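Enquirer: Got a structure for you, written out below as C-alpha cells; questions coming shortly.
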Amino acid sequence: DHPLGPWISKSNPCIGPGEARTFQAQSSFVLPIPGKPDDYIFIADRWNKLDLPDSRYIWLPLAIRGGKLEITWMENP
C-alpha cells in the first residue's frame, strides 16, 4: 500500500517465446534512447549456473504505446 505508491497491477509486457519467465532472464536496467521519448532498451541478465563465465545479457526493445509497455523478443535485431 505504500513504498512511494500507489501502484497499479499491469499485464505482462513481454511478447514472444519465453515471455512468461521474462525470456529466462532477470531485468537489470532500462536504457533510454536519446531523442526517442517512448523508446528504450530493456537489459536483462541470464545466468548460467553451471558455467558462470558463460552468463549473458539480453538487450531488447522496450516501447510505450498508448500507455502500455511492450518488450518484444528479437532473436537477431
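The values are calculated or read from the model by the stated rules, or taken from the named source; none is laboratory data. The shown structure was predicted, so the numbers you read here are calculated from the model rather than taken from an experiment. Every residue, glycine as well, gets a Cβ built from its backbone with ideal geometry; the counts of neighbours run over all protein chains shown. When the accessible area is computed, the model is the full protein with side chains, heavy atoms only, and any ligands, DNA or RNA have been set aside. Shrake-Rupley method; radii C 1.70, N 1.55, O 1.52, S 1.80 Å.
Enquirer: Ordering ARG46, ARG65, ARG56 from largest to smallest accessible area (1.4 angstrom probe), what's the sequence? The partial results should precede the final answer.
Expert: Details: ARG46 80, ARG65 120, ARG56 145 Å².
So, going from the largest accessible area down, we get ARG56, ARG65, ARG46.
Enquirer: Dipole magnitude of the chain about its Cα centre, charges +1 at Lys/Arg Cβ and -1 at Asp/Glu Cβ only, in debye to the nearest 20?
Expert: Numbers: 8 positive and 9 negative charges, 19 e Å.
Computed about the Cα centre, the dipole is about 100 debye.
Enquirer: Over the chain, give the accessible area per residue in Å² for a 1.4 Å probe, as an integer. Intermediate results must be reported in sequence, preceding the final value.
Expert: Details: 6310 Å² over 77 residues.
I get 82 Å² per residue for this part.
Enquirer: Enter the mean projected area of the convex hull around the alpha-carbon atoms of the chain, in nm², rounded to one decimal.
Expert: The orientation-averaged projected area of the Cα hull of the chain comes to 7.2 nm².
Enquirer: Give the residues of region 50-71 whose amide nitrogen is closer than 20 Å to a point set 7 Å from the Cα of ILE33 in the direction of its Cβ.
Expert: 57-71
Enquirer: If R₀ is 30 angstrom, what is the calculated FRET efficiency for the pair ILE64 and ASP1, using the beta carbon separation as r and rounding to 0.05?
Expert: The pair ILE64/ASP1 has a calculated efficiency of 0.70.
Enquirer: Give the carbon-plus-sulfur fraction of the accessible surface of the chain in %, rounded to a whole number; probe 1.4 Å, heavy atoms of protein chains only.
Expert: 59
Enquirer: Give the relative contact order (percent, whole number) for region 1-49; include only Cα pairs under 8 Å separated by 6+ residues.
Expert: Working: 40 pairs, mean separation 12.8, N = 49.
Computed value for region 1-49: 26 percent relative contact order.
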